[in-house]
Every structure is written in C-alpha cells, then in structure tokens.
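The values are calculated or read from the model by the stated rules, or taken from the named source; none is laboratory data. Everything numeric here is computed off the predicted structure, so don't read it as measured data. Note that each Cβ is placed from the backbone with ideal geometry, even for glycine, and that neighbours are counted across all protein chains shown.
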Amino acid sequence: MRKHKSDRIITILTFVLLAIGLIVIFAIGPQRVNFMNATLPDDKKLATNYFFISQLKSVILAVIGFFAAFKIPYEKLREYSKWIMVTGLVACAILFLASAIHSSLAVCELGGCRWINLGVTTFQPAELLKLGLVLYLAQLVARYKAEHKLETRDFLQPFAIVSIIALGFVVIAQKDLGTGIVMVAIVLGILFMSGIRLNYFLVAVAVVAAGGLFAILSSPHRLERMMTFSGQGSSDETYHIDNAKMAIGTGGLLGVGIGNSVQATGYLPESINDSVFAVMGETFGFVGLFAIIAVFFLLLSRILKVSAKLETEKSLVTVGVFAWIATQTIINIAAMTGLVPLTGITLPLLSYGGTSMLFVAVSLGLVCQLSCYTGREVNNESISSGRGLRGSYNPGRRRSA
C-alpha cells in the first residue's frame, strides 16, 4: 500500500496533552515542593521548580520517543518485536530478584517494587512490557490468522504463556493490579479483534476474571480497597477518595485558578501523579475537565479510525494501543470520581513521571506512522485516470461460536 501523509490530528492532540500536563505541574509543583521541604533536612530540600524541570525533561524525552517511533519503519520494529518483549520480561525478572534480595537496584514504594534504579533516574519495566505485548501479540495473531490456525494449540499456547508470564510479573511480583488491568485490556482487545471464535474469547475472559478475583482475595490491601469502595471503610481508609472528590467539587464550574489549589499543598495523596485529574478539577473546574476528557475522546476516536483502515497486523497494533490508553485513562478518571476502587495508575501524558509518558508517546508515534498506510476510497474518476486502486481496508466480521 502506497505511503501517504500521517494523521496530523493525533500528533496535535498528543502535544496538546503534553502541554497541559506541563502547565499543571508548573502550577502545583511549587506547592508540592513546599509540602515535602517541611519534612526534609536542609541539605536535601528541593528547589521550587524541581518538579517542573523534571517534568520538562520527561516531556522532551517523550517528544523524542514520539518522533523516533514515527520515523523508524514499522518493518524494523516488527523484526525486533520478540526482543522488545523479551527485554521487558528480563527487566521485570531483574527487578523481582533485586527486590527479593533487598538490593538498592529495586525502588519500592507504597508496598510494591516497580522501578529499577538507574542512578540518574528510575525505569519502570512494566511500561516497556506493554509495548512488547502490543507488538508481539499483534504479530503472533496476524501470522496464525493468515494460516487459518487461530483456534489451534500452536497459536493459543504461546499467546496464553506470554500473557500469563507478563501478568504474573506485574500483578504478583510487582503488586501492581492497575497496570495489570491495562495489560489485560491489551491482551483481550487484540484477541477479540483477531476474529477468534466467540466461545474461545469468552473462555479467556472467564480465566482473566477468575485470576483477577484471586488477586483481590489473596491481598489484604486490595480487599481493604474493595471494602472502602463499598462504603464499609473507616474515615482514614476513605481519606484519599474523599479529598479527590472534594478537590473536584471545590473547582466548581471554572476552577480556583492556576496556583490556588489547596489539595496540592499536601491534603491529597499523589497529587501530581495518580491524583492529578482531581487537582486539575480543582484548578480548571468542570469546564477544564470536560475539555481534557474531550481531547482524550477525540484522540481515541482517531486511533480507532486509523485501525479500521489498516491491514490485519497493523490494525491489531493500533487496537492494542487504543486498549492501552483508553483503559488507563478510564480507570484513572473513574477512580478519582469514585466510580471504581482506587488503584495506582497514571493519567496518560498528564501525570508526573517519565517512563509511562515516554512509552505512551512512543505508542502514539507508532500509530501516527501506521496511519500513513491506511486504505483510501477512490472515486471512478481516479480509477479511470490510472491513478491506482487503493480501496479502504475493511476488516472481516467476527465469527460466532
């Protein structure tokens, strides 16, 4: 298929979100610094612009990652998809071993060891694992679908093994159920769109549901969050969600304005990370939150539009990216508004942090590259004039059980 211009709207929306995130951190970063400095010794106090400078570096790295993914030909990435997946798994294994022997290589916070200490910065291997899952599973499905072997053990066995190992590292070893849910969405999204028989897909859903139930029941911390969500928690246990709702409610229609957030001064936990949506509600109000949600909705709808016009493998890659960003966005917003139990998960491109932002930007850069190869409808005049036949790609319908 002949290459054409990429979907520029995806590029614009990606940079709009990066800019909004930078503005938010600029606004609430000093308040967060003042709160932290109150408990830090004089020789370890942070500069007022510490979080803004750190976020600016992350944004620059994300921009580089976006354009690198856009420029590196997909065929090259495809060749290394297995190694990207393996690297992610090996990094997770190293993190698990480092945490088991209490090495300084593992960075542990809030009951889980999820980062590798690289000296100058930290790295979260689960984010690389997400990208590896998208690329590897899409390639695996496309290959066996072309051979009409989707319902055979040759396909189902490697698909299941890779997915289970990846989820095991994240949910069990790293105790990160939020990221695990995102990875489940990637796996099930690609499997559903593969065209596999419905009964096979439903079995996969049942297995995932059983695994999720076990992960919750076997963890006192997760059980406590479920009890809190059901309204049976104490005031200490509901503190986080109560303050998140208070922040959004305080913002009203137009917000309290940049630099005037009260919750960011230390009342709301993780105000620049997982809880940034609530702080944005306090700062920009309902109108601001509506605009941000609208940007995400438009971005996700453009990704789906691109997916619908691509050949099988590239379409599945785009579906995986859609599932990744959509699930992460929905869970974060739903948790901050009390619609689902709290879970530690960032808001894509807006929350403070480097690894998540980098790999979300890389995935969007990849989607932009693939948008250059979507099918296009042509009229009769184009056909008769000899400019070529490039009909739009129309994915086959799913088969029923």
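Looking at residue 301 and the list (1) free of Cβ contacts under 8 Å to residues at least 12 places away in the same chain; (2) over 30 Å from residue 146 (Cβ atoms), which single condition is not satisfied?
(2)
Could you name every one of the helices (runs of 4 or more DSSP H) located completely within segment 4-114 that has at least 1 residues being crowded, with 19+ Cβ neighbours inside 10 Å? Outline the logic, then answer.
Values: elements: 8-37, 50-71, 74-79, 81-100.
Once the helices (runs of 4 or more DSSP H) in segment 4-114 are filtered for at least 1 residues that are crowded, with 19+ Cβ neighbours inside 10 Å, what remains is 8-37, 50-71, 81-100.
If you check 178, 168, 189, which single one turns out to be surrounded by 15 or more Cβ atoms within 10 Å (Cβ to Cβ), without any contact (Cβ under 8 Å) to a residue 24 or more places away in the chain and in a helix (DSSP H, G or I)?
On the way: 178 fails: without any contact (Cβ under 8 Å) to a residue 24 or more places away in the chain; 189 fails: without any contact (Cβ under 8 Å) to a residue 24 or more places away in the chain.
Result of the check over 178, 168, 189: 168.
Yes/no matrix, rows are residues, columns are (1) more than 30 Å from residue 172 (Cβ to Cβ); (2) more than 23 Å from the chain's Cα centre (by Cα); (3) outside any loop (DSSP other than H, G, I, E, B); (4) not assigned by TED's automatic domain parsing to the domain that holds residue 162:
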position: 214; (1), (2), (3), (4): no, yes, yes, no
position: 223; (1), (2), (3), (4): no, yes, yes, yes
position: 226; (1), (2), (3), (4): no, no, yes, yes
position: 232; (1), (2), (3), (4): no, yes, no, yes
position: 250; (1), (2), (3), (4): yes, yes, yes, yes
position: 256; (1), (2), (3), (4): yes, yes, no, yes
position: 260; (1), (2), (3), (4): yes, yes, no, yes
position: 271; (1), (2), (3), (4): no, no, no, yes
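Against the conditions (1) among the hydrophobic types (A, V, I, L, M, F, W, C); (2) exposed (fewer than 13 other Cβ atoms within 10 Å of the Cβ); (3) more than 30 Å from residue 292 (Cα to Cα), where does residue 254 fall short? Just the number, please.
(3)
Residue by residue through segment 134-159, note down the ones that are under 19 Å from residue 207 (Cβ atoms) and touching a residue at least 40 places away in the same chain (Cβ under 8 Å).
Passing the criteria: 137, 141, 150, 151, 156.
The conditions are (1) surrounded by fewer than 16 Cβ atoms within 10 Å (Cβ to Cβ); (2) modelled with pLDDT of 90 or more; (3) touching a Leu at 6+ places or on another chain (Cβ under 8 Å), and residue 223 fails exactly one of them. Which is it?
Evaluating residue 223 over (1) surrounded by fewer than 16 Cβ atoms within 10 Å (Cβ to Cβ); (2) modelled with pLDDT of 90 or more; (3) touching a Leu at 6+ places or on another chain (Cβ under 8 Å) leaves (2) as the failure.
Would you mind stating whether residue 305 is buried (at least 22 other Cβ atoms within 10 Å of the Cβ), in a helix (DSSP H, G or I) and among the basic types (Lys, Arg)?
Working: buried (at least 22 other Cβ atoms within 10 Å of the Cβ): no; in a helix (DSSP H, G or I): yes; among the basic types (Lys, Arg): yes.
When the stated conditions are applied, residue 305 does not pass them.
Filter segment 87-141 down to the residues that are aromatic (Phe, Trp, Tyr) and out of contact with any strand residue (DSSP E or B) (no Cβ under 7 Å at 6 or more places or on another chain) and list them by number.
Narrowing segment 87-141 to residues aromatic (Phe, Trp, Tyr): 96, 115, 123, 136.
Of everything in segment 87-141, those that are aromatic (Phe, Trp, Tyr) and out of contact with any strand residue (DSSP E or B) (no Cβ under 7 Å at 6 or more places or on another chain) turn out to be 96, 136.
With respect to residue 84, determine if the residue is aliphatic (A, V, I, L, M) and either assigned by TED's automatic domain parsing to the domain that holds residue 367 or in contact with a helix residue (DSSP H, G or I) (Cβ under 8 Å, 6 or more places away or on another chain) (or both). Reasoning before the result, please.
On the way: aliphatic (A, V, I, L, M): yes; either assigned by TED's automatic domain parsing to the domain that holds residue 367 or in contact with a helix residue (DSSP H, G or I) (Cβ under 8 Å, 6 or more places away or on another chain) (or both): yes.
Yes.
State which residue pairs qualify: first residue among the aliphatic types (A, V, I, L, M) and inside segment 1-28, second residue surrounded by fewer than 19 Cβ atoms within 10 Å (Cβ to Cβ) and not in a helix (DSSP H, G or I) in any location, beta carbons under 7 Å apart, and separation of 6 or more residues or different chains.
1/375; 1/390; 27/258; 27/259
Given the criteria within 24 Å of the chain's Cα centre (by Cα), surrounded by fewer than 23 Cβ atoms within 10 Å (Cβ to Cβ) and assigned to a helix (DSSP H, G or I), does residue 322 qualify?
Working: within 24 Å of the chain's Cα centre (by Cα): yes; surrounded by fewer than 23 Cβ atoms within 10 Å (Cβ to Cβ): no; assigned to a helix (DSSP H, G or I): yes.
Here the answer is no, as residue 322 does not meet what is asked.
If the requirement is being surrounded by fewer than 24 Cβ atoms within 10 Å (Cβ to Cβ), assigned to a helix (DSSP H, G or I) and assigned by TED's automatic domain parsing to the domain that holds residue 270, which of these qualifies: 360, 287? Full working, then the answer.
Numbers: 360 fails: surrounded by fewer than 24 Cβ atoms within 10 Å (Cβ to Cβ).
Result: 287 is the single residue among 360, 287 that is surrounded by fewer than 24 Cβ atoms within 10 Å (Cβ to Cβ), assigned to a helix (DSSP H, G or I) and assigned by TED's automatic domain parsing to the domain that holds residue 270.
If you check every pair at least six apart or on different chains, which have Cβ atoms under 9 Å apart with a residue in segment 121-133 that is within 16 Å of residue 184 (Cα to Cα) first and a residue that is among the aromatic types (Phe, Trp, Tyr) and at pLDDT 95 or above second?
127/359; 128/359; 130/324; 130/359; 131/324; 131/359; 133/324
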